[in-house]
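Asker: Can you keep this structure in mind? I'll have questions shortly.
The values are calculated or read from the model by the stated rules, or taken from the named source; none is laboratory data. If you're wondering where the values come from, they're calculated on a predicted model, not measured in any experiment. Here the Cβ positions follow ideal geometry from the backbone for every residue, glycine too, while neighbour counts run over all protein chains shown. These area figures cover heavy atoms from the full protein model, side chains too; ligands, DNA and RNA do not enter into them. Shrake-Rupley method; radii C 1.70, N 1.55, O 1.52, S 1.80 Å.
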Amino acid sequence: QYVHDHAPAQSTGAMVSLATESDRTLFFDFLPLEAARIGEFKTKFQLYTVPGQTYYNATRKLVLQGADGVVFVADSQWSKMRENVESFRNLQENLAGYGRSLEEVPYLLQYNKRDLPAIAPVEYMEFLLNNRQPRVFSFEAIAITGYGVFKTLNAISKLVLASLVKRGGR
């Protein structure tokens, strides 16, 4: 939502959002985004968000199928640590279902809701979620204010573009 509201209007398409009454993502959000030209190529991204709850796994898996990159958004609240770990394992399982893994898919971590009172230290979240070698980029964020949102988007965009160049555009 923040990206849609704050990116240049000529760069974004219509945002499609399916949410519950409490404004949480029910199925997914979709936002087409046009980025800068790279040489003679126009760069376009299709951003999807999916619900974190594991009972929406079918939606999460479907959206992940064609993903060129992933931002795993973890909830910083202490009470959500178990769910974060479960969701991260679920991400790995869903990728494996497509014959893919985090070793080949560009991804990074975003630790969201850093403005709330009962949050885990970043070091603890890194221990739980960023314990693979090599470690990946991670960013603190407050999605509703935009803190860290564009920093995260820029980082994943660079990782995805570098991966596409490395794979010869495929």
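Asker: Relative contact order of the range 38-170: what whole-number percent is it, with Cα pairs under 8 angstrom and at least 6 residues apart?
Answerer: Relative contact order here is 25 percent.
Asker: State which entries of Lys61/Lys166; Lys113/Lys158; Lys44/Lys80; Lys42/Lys113 exceed 27 angstrom in Cα-Cα distance in the structure shown.
Answerer: The pairs that break the limit, which is 27 Å between Cα atoms, are Lys44/Lys80; Lys42/Lys113.
Asker: Give me the percent relative contact order of the range 103-144, please, defined on Cα pairs under 8 angstrom at least 6 residues apart.
Answerer: Contact order relative to length: 63 percent.
Asker: Then there's this: At 0.36 nm per residue, and after removing the present C-alpha to C-alpha distance, how many nm does the segment from Arg135 to Ala96 gain when stretched out fully?
Answerer: Net length gain for the segment: 12.1 nm.
Asker: Using a simple charge model, +1 on the beta-carbon of Lys and Arg, -1 on the beta-carbon of Asp and Glu, nothing else, what dipole does the range 50-141 show about its Cα centre, in debye to the nearest 20?
Answerer: Here the range 50-141 has a charge dipole of around 160 debye.
Asker: Taking amide H atoms as placed 1.01 Å from N in the peptide plane, list the residues 5 or more away in sequence, or in a different chain, whose amide H sits under 5 Å from that of Ile119.
Answerer: Those lying under 5 Å, H to H, from Ile119 are Trp78.
Asker: With θ taken as phi - 60° and the coefficients 6.51, -1.76 and 1.60, list the Karplus ³J(HN,Hα) couplings across the range 58-66 in order, rounded to whole Hz; mark glycine and proline as x.
Answerer: Values, residue by residue: 4, 5, 4, 5, 4, 5, 5, 3, x Hz.
Asker: Kindly write out, for the range 119-133 in residue order, the coupling ³J(HN,Hα) from the Karplus curve 6.51 cos²θ - 1.76 cosθ + 1.60 (θ = phi - 60°), rounded to whole Hz, with x marking Gly and Pro.
Answerer: Computed from phi, the couplings for the range 119-133 are 10, 7, x, 4, 4, 5, 5, 4, 4, 6, 10, 10, 9, 8, 10 Hz.
Asker: Just order 72-83, 57-68 by mean Cβ neighbour count inside 10 Å, highest at the front, would you?
Answerer: Ranking, from highest mean packing down: 72-83, 57-68.
Asker: In addition: What list of ³J(HN,Hα) couplings, whole Hz, do you get for the range 138-149 from phi and the Karplus terms 6.51, -1.76, 1.60, once you set θ to phi - 60° and write x for glycine and proline?
Answerer: Result, ordered by residue: 9, 9, 7, 8, 9, 4, 5, 9, x, 4, x, 5 Hz.
Asker: Counting only protein heavy atoms and a 1.4 Å probe, tell me what percentage of the range 50-161's accessible area is made up of carbon and sulfur.
Answerer: For the range 50-161, the apolar C and S fraction of the accessible surface comes to 55 percent.
Asker: Next question, about the same structure. Calculate, for Arg167 and Phe127, the FRET efficiency according to 1/(1 + (r/R0)^6) with r their C-beta to C-beta distance and R0 45 Å; round to the nearest 0.05.
Answerer: Approximately 0.90, to the nearest 0.05.
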